[in-house]
1. With everything on Cα atoms, drop me the angle between helix A:105-122 and the longest principal axis of chain A, reported from 0 to 90° to the nearest 10.
2. Residue-wise, which Karplus ³J(HN,Hα) couplings in Hz belong to the stretch B:566-581, taking 6.51 cos²θ - 1.76 cosθ + 1.60, θ = phi - 60°, and x for glycine or proline?
3. Quick one: dipole size for the protein assembly as shown, taken about the Cα centre, charges +1 on Lys/Arg Cβ and -1 on Asp/Glu Cβ, in debye to the nearest 20.
4. For A:Val360 and A:Thr479, calculate 0.36 nm times their separation in residues minus their Cα-Cα distance, and state this gained length in nm to one decimal.
5. How would you rank B:Lys667, B:Lys256, going from fewest to most other Cβ atoms within 10 Å of each one's own Cβ?
6. Quote the Stokes-Einstein diffusion coefficient, in whole µm² s⁻¹, for chain B, based on the Kirkwood radius over alpha carbon pairs, a temperature of 25 °C and a viscosity of 0.890 mPa s.
7. Which entries in B:Lys38/B:Lys61; B:Lys107/B:Lys170; B:Lys61/B:Lys808; A:Lys250/A:Lys506; A:Lys182/A:Lys513 show an alpha-carbon gap greater than 27 Å?
8. How big is the charge dipole of chain A about its Cα centre, in debye rounded to the nearest 20, if each Lys and Arg gets +1 on its Cβ and each Asp and Glu gets -1 on its Cβ?
Amino acid sequence: MSLTSALNTAVAALRVNQAQMQLISANVAHANDPNYSRKTLQTASVALGPGQIGSVEVSGYQNAVSASLQKQLVAQTADSGASSATDEYMSRVQDLFGTSTDQATLSTAMTAFTTAWQQLQSNPESEAAQQQVVATGQRIADEVHRLAAGLDQIDNDVRTDIGQSVNQLNDLLKQVFDVNLKLKQTQPNSAERGDLLDTRDKLVQQIAQYVDVRTVQRDDGSISLFTASGLQLMDGPPALLAYDGTNVYKVEDGTPINSQLQGGRIHALLNFRQDSTGSNKPVSPDPGTEVIRKMRAQLDAIVGAFTSTTGTPPTFAAAYDAGSTSQRISASYLTTVDPATSSPQYTTVTLSGTLQTGDVFEVDVNGHSYSYTAVATDTSLDQIAAQLANQINADGTVGVTAIPGVGGLQLVGSSNNTKFTVQTTVNDETTELSGDFFTGTNRFDFQVNAALANGSLQVKRNAASGVVDALSSADRNFTAVGLTLTNVSYQGLMTGIVGNSIANAKTVSDQSKFDSDAMTMSQQRYQSDVGVNLDEEIANLQVVQNAYAASARLLQVVQDMFDTLEQAVAR
Amino acid sequence: MAINSFSTYSIYLSNLAGFQNLQSSLNDLTQQLSSLKKSGDLTYYGASGQRLLDLRADADKRQGYIDATTAASTDVKTYDQVFTQMETLASNMLQAFTAPDSDPPTKQVNTVTFDGDLGDVGDVYKLTVDGRLFSYITNGAEGSFEEIAGNLARQINNANPPVRATAVAKGDQLVITGTQPGPLYDVTTQVADVAGGQANTMTQTLTTAGKVSPIVGQVNNALITLQSLLNEQVNDRYIFGGQTINDIAPVVDLSKLPDPTGSKDSASGATTQQLAAGTIVQKMRVTADELGTNQTETFSINGNNFTVTGPLTAQQVANQVATYYSTLPALTGVVSVSDVDAEGFTLTSATAGTGFTATVTGTDPTPSVISTVQANVPIGATQNDVLTFSGPLGSIGETYSVTITDPPAHTSPVTLTYRSTGKETSMDDVVNALISSITTYQPPFGVTATALGNGQMQISSATAFTSSAAVENSAAVATTQRTVVPVAQEEQVGFPGMKGDTGDVYTINFTSPVAGPFTVTTTSEDNEAGVAAKFAQQINAAGIGITAAVKNGKLSLTSNTPGTPFTYTAALTTDVGQTTPAPTMTTAVANIPAGATPQTDEVTFSGPAGAKGDVYSVTVNGRTFEYKTNGGEADMDAIAIQLAAQINAAVPTAGVAATPGPVGSGKLIITANTGGVALDTTSKITHPTVVTDPLPTQYNVHQTTGDSDLSWDRAPITIADQLTINYTFSANEPAIQRLIAALRIAQSAVTDPDQYADKMTQAQSLARNALEGIRALHSVNTVNDTLMSATTLSHQTQINVNTDSTQKIEGVDPNEVAAKIQNAQVQLQAVFSVVGQTSRLSLVNFLT
């Protein structure tokens, strides 16, 4: 071995040490980069000749890898992505229904409604008490409307979120595809490859937020992506996914892939919006599944509870309808056909009760007042109706034709699409609403009877006692999608709906926290394995520094030897 | 070489997680310490969240019950006080009603006694009563002082304006009685004898001093107190005002309500002008009076005079006068005579609208009376009816009504009413209010109503109509067709001039019916009465339908069947010894056969229909028929129809036929099945003292027609789940109605000595029942009070339990939290310390 060889070897060693120093510097620089994996330098011996110990050179770079922990982290990320998405929207649902006892508006509205009826029962003549009954009833209806609208908004937001998530997923898949292409173009163990691998791992981690993904390493350095259920997301070109508001599908073949998207945000959000109505499947007991459907159904159950007249004990509607009127005689009206472009308005005025001589009937049509006082020869309400009809028909300016009938008269507009107003009184008393305190069949059209709201009819005062009993009766059963309540009152129905929502939100929240903690733990473990340990790097630095000094000393010695040799030769 | 197994970033993550967890824990604990709740977020509590909501809702519900109960309890406490006072009032009044039985009010009675000798002409009898002078000047033909007393009594009773006393002649005395209890009037007497005549006296004595009831003031005060109690207010609500009308005082001034035993006001109506071809004819009834010796009466019909001279019985006067005029050519086709009976006869104009005059003059101090049954109604272009309301004002809720049937506008009767407010200043106020109702009524009437003043209203129309007026509901009976009641023939047979012969034979032979001969042979001991007695014994024993008796020493023969005459002869068929006069035969009472035309009485009901519980009763010859209203009757015709059906269905038969009158008349026409049978028909309307579930306007005067029947129901309140009680009481409670009725009847009794005992007995009974009823109401209220208190306590207890349960779920112990905070702080400091120490122990630090 010649001095020159030794010198070359020392120079090579210096080069390696410099590379090592640069690598340590890079590791230290990325010590706090979560997307950076620790790099190590690969060296190789270079033979200088037969029987000579070779020099050294940098053969490549290697990323710290922990495949099992990475898989675990991906899975935990998918789980956390799913549960955090569910928790996010369940929190919004809970915000909607109230997050404290004071804000549980369904429950407080019901309490106010019950109290108002109690007050009316005590003071049936009180107009304030009557108005309070109507106002608190409308408050319940408004609350149902607000919740229905809020649910629709959440549903819409979830839908948008799914669409955006699918787009994000498509973008991430494309980025992974791009990285795959670059990886194919880099040399194995090259420095660039390590960065690309870090980028790819980061992208996979991000994809896991949306869907539980599995990776398969290909020989060319690229990876293929599949869902946990085996759906191929990328093996070569990435799959392009789309969302049509109901299903996520592959654009290339239009196949819905909802069921194959296991784990991750998209799956959770699809579950949130899932509606298995008509599928003959039992409703999912999972608190994060079919949430929108369940809550809508429960709101409709509230509507049914207030409008249904069947059941034991008597329902609110049955109790109200069964109350006797406090008025001996009354006149009510109902618009049976609204005016339209092809038809006039039809309104029926109904007279009921026991007729007495001297009763004053008044019908006000479009501000024109028609009054008739019953006389001794009036023995039936038909005669009263005929008298009123005669008066109305004799007035050519009101724009309405009256048709007398049995116990009432029908008012028909003279022109299509022209609305006319009607108001009726008997003996200056506004008629009491005989039935249907609440109207509507679903959460959207549910409301206090319009006649009560606009004051054309008043609350049936004698119904208060029965209604209070009905409201306080606690042996009712309510059934709605995702909720079965037994032996509860109307108040129990309200608190049951809110309480069920609370319990579900709590379950989801706990799961989300657990998943988040688990993901953090996995991330810590993964980072422990593949991250940069500064102490270790500093220790490595000492080693490199010593090696560098040794190599430099070697050069000095060789130099000295050359100098000695040169002096010897020169002599 | 590795110093440790963790990467720097991993350590950072680990430290960060530790810090975050501790910081989060510290934040939560701080929040708990400030709010003393584990969390304000229901989600924190999970499944316990619903429990929290349930506890909160249950507490709210129970608080609602407590609030409602608390609001109602003020009423209940007030009811307690009111019922206590009401019980005391009822008890005191019951005692008062019982105590004054021995000391009732009395009317003043003065007795005027006549004495002296009659026969003078020109004696002047002067009598002053209540400041009014009444006098009688003798004509010398007075048969007795009773006739003078009778003459003065007529003057007093017919005085216009009336005096506050009525008078009646009894023998030689004139009894004057006050119209109201208490000392009302003064009486003075004076007789101015004609010069040279007999001395006569007329003296008066106060037989009974007038006295007012000692409880008048107590009754009035009780009514005022009761009014105040029933108008008690709590929070601007009248607690006795019922469920829906408690913004109006439930009772008015109770002391001014109409007399429940009958209104003191009256209404009448008469047609003053009829349309052509009218049906109303003038009719007058002559009630004959007996004439004493030398007394004369001159009747004048349309100027045709006829004089009768006493002594004559009333029947004889009637018979003679009727016979004269019925055959008088001047009256043929002008005035007819009918219904001649023992008391008088009837004069009827032959032509509607054509009247006649009838007067009587003479020397009889108490002459025959000619009264107008139907005044002449002239023919005109319109029919005019005059309705007259009269009587005292000041009552509240007195119902004045007018009923009109004016086809074709109204083919059925329309009754318009006015309920007095007590503020009317004259009956014209009532009339004007009714006219206003008539004018504004729809559909409009075909008649025109105008006020005539003095409580009179004229209703006019060119088309025939009927009208009537009433105060409250009234029933009037009028005999529209008299029947001639048969009179039993009475003959007197005298046996004058008996000489004591033995063997004289008197013979009485009846030719119709054929009987006898009956003979009496005298003995020396027989006198006129003895012979009469012997004949009476024989005739009565024969049973020939004639009753014989001895009257004034003579034989009196009376037909057993009024209207069935008999004929006989009486003769002295054997006269021995001295000559004895033949027996005398005198008709004491002429036979009057039963009239062919049966009597017809008309009962006219008037006033508004619709009251509930009123009892309309008609009594015909002792048989009483009643109909109790249910409030659903459309008009008075309905009541007449009901009563007619009852009368016709009577078992055994009532002997009459009843038919309802023409539509709208409100009349019940009762006709005897046979002529000659007099009908004694009376009718009355009894208002209930207690009305169960009264209809609007029936009980409380401020109620209006449109008010509900249920307005006075007791208000319910639910004080707990499925526990509802009725906690209010209305002024319509039967016990309260009874107390009011008792006081009002007592108010009537203390001004009515004639019916004082009956009314006071009724008042006592009502007050007794009222007291029991009010005690029962008080008991119910006490139960309510107890129940409400117990339930409120139960609710409050449960709320406390709920609060405790809530506290256990969401509450925190501040000391415990403070300790946890301190612990967390120590932990945090320890973590910082460890992290810092670890950093210092790093190789980097070591090397540097």
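1. With rounding to tens, the tilt is 20 degrees.
2. Ordered by residue, 3J(HN,Hα) equals 9, 10, 7, 10, 10, 8, 8, 8, 9, 10, 9, x, 6, 6, 10, x Hz.
3. That gives a dipole near 3740 debye.
4. Length gained, A:Val360 through A:Thr479: 38.0 nm.
5. B:Lys256, B:Lys667
6. Answer, rounded: 68 µm²/s.
7. A:Lys250/A:Lys506; A:Lys182/A:Lys513
8. 1520
No value in this document is a laboratory result; all are computed from the given coordinates. Predicted model only: the values in this text are computed from it and were never measured. Please note: Cβ atoms are built from the backbone with ideal geometry, for glycine as well, and neighbour counts cover all protein chains shown.
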